[in-house]
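Quick notes on the structure that follows.
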Amino acid sequence: MRWRTVAVAVVGTAHVERGEACQDECWSSGADADRLFLSIFVADGAGSASHGGTGARLAIEAALAHLDARVDGAEPASERAARGCFSAARARLTDEAATLGVAVRELACTFLGVLSTPEASVVFQIGDGAIAVDVGEGLSMPIAPMNGAYINTTRFLVDEDASEALEVVAFERPVLRAAAVSDGLQGIATQMADHTPHEPFFAPFFRALASDDAEGRDDELHAAFAAFLGGERVNEKTDDDKSLAVAVAVA
């Protein structure tokens, strides 16, 4: 098996009106130098953080570097690997804060990930946003978004107790379908009342990737997904930045 993937981040209309860049970063890849391996990451820079977008970008870069190095010898789709990605990302933000001469909270971001091999998979998350996965029993959301008691509050990678707040769920099966979204899509992509995926939202993306016509059309699919997320139908429902990272297993 292998995975087809697309990852798209689109600036929200509220950010456009304020002249701000997109604070979301995302990644999805089904390729690895040594073996079949899926990696998905979504990070959303905190609106209250002066360098939140930078934090989101560096967090994903650090996680990917950790996976490439495999310094801890962990299987790439294990809880140990997930926590290694988390620790590497957190350390990178701490270093960057020192370089910039700012408090690390100025690089605050959420951090969501999915890792999978043909033998196993793991999902992990700190903050809001959502991860939907299918490991053979239908689409589910193993981790509830970490929304705080007040509007627009959540947990961040740089929180002092982030290592305790991080949630990790492992499966002894590969991911067949997976998607991660930032909180700009959370209200559209999930059933908020019971923390389940809203499958009609995800289904068109999964279908597009699973189609035989998708082979070799990565740029075209990326453009189509971005056009939808930046279109009027979505912008009527959310003015925030929007990230979507999707993967489908194919034979």
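Summary table
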read-out: Residues of segment 167-191 classified as surrounded by fewer than 20 Cβ atoms within 10 Å (Cβ to Cβ), small (Gly, Ala, Ser) and in contact with a helix residue (DSSP H, G or I) (Cβ under 6 Å, 6 or more places away or on another chain), total; value: 1
read-out: Sole exception among (1) within 26 Å of Pro174 (Cβ to Cβ); (2) among the small types (Gly, Ala, Ser); (3) in contact with a strand residue (DSSP E or B) (Cβ under 9 Å, 6 or more places away or on another chain) for Ala226, by number; value: (1)
read-out: Per-region count, segment 89-105, residues within 15 Å of Ser163 (Cβ to Cβ) and polar (S, T, N, Q); value: 1
read-out: Residue within segment 135-146 that is closer than 19 Å to Ile60 by Cα and in a strand (DSSP E or B) present; value: no
read-out: Residue list for segment 39-64, restricted to those being free of Cβ contacts under 8 Å to residues at least 60 places away in the same chain and not small (Gly, Ala, Ser); value: His51, Thr54, Arg57, Leu58, Ile60, Glu61, Leu64
read-out: Qualifying residue in segment 57-70 (condition: farther than 18 Å from Asp44 by Cβ, surrounded by fewer than 17 Cβ atoms within 10 Å (Cβ to Cβ) and in contact with a Ser or Thr (Cβ under 8 Å, 6 or more places away or on another chain)); value: no
read-out: Single match in Phe225, Phe171, Phe156, Phe206 (criterion: closer than 14 Å to Gly129 by Cβ, touching a residue at least 40 places away in the same chain (Cβ under 8 Å) and of a type in the set (Phe, Trp, Tyr)); value: Phe156
read-out: Residue count for segment 104-119, restricted to those that are in a loop (DSSP other than H, G, I, E, B) and closer than 27 Å to Gln186 by Cβ; value: 2
read-out: Qualifying residues in segment 7-19 (those that are in contact with a helix residue (DSSP H, G or I) (Cβ under 8 Å, 6 or more places away or on another chain) and not small (Gly, Ala, Ser)) - the one surrounded by the fewest Cβ atoms within 10 Å (Cβ to Cβ); value: Thr13
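Read-outs throughout are calculated quantities, based only on the coordinates presented, and are distinct from any laboratory measurement. Note that the structure is a prediction, hence the values are computed from the model and not measured. Cβ: placed from backbone, ideal geometry, glycine included. Neighbour counts: every protein chain shown.
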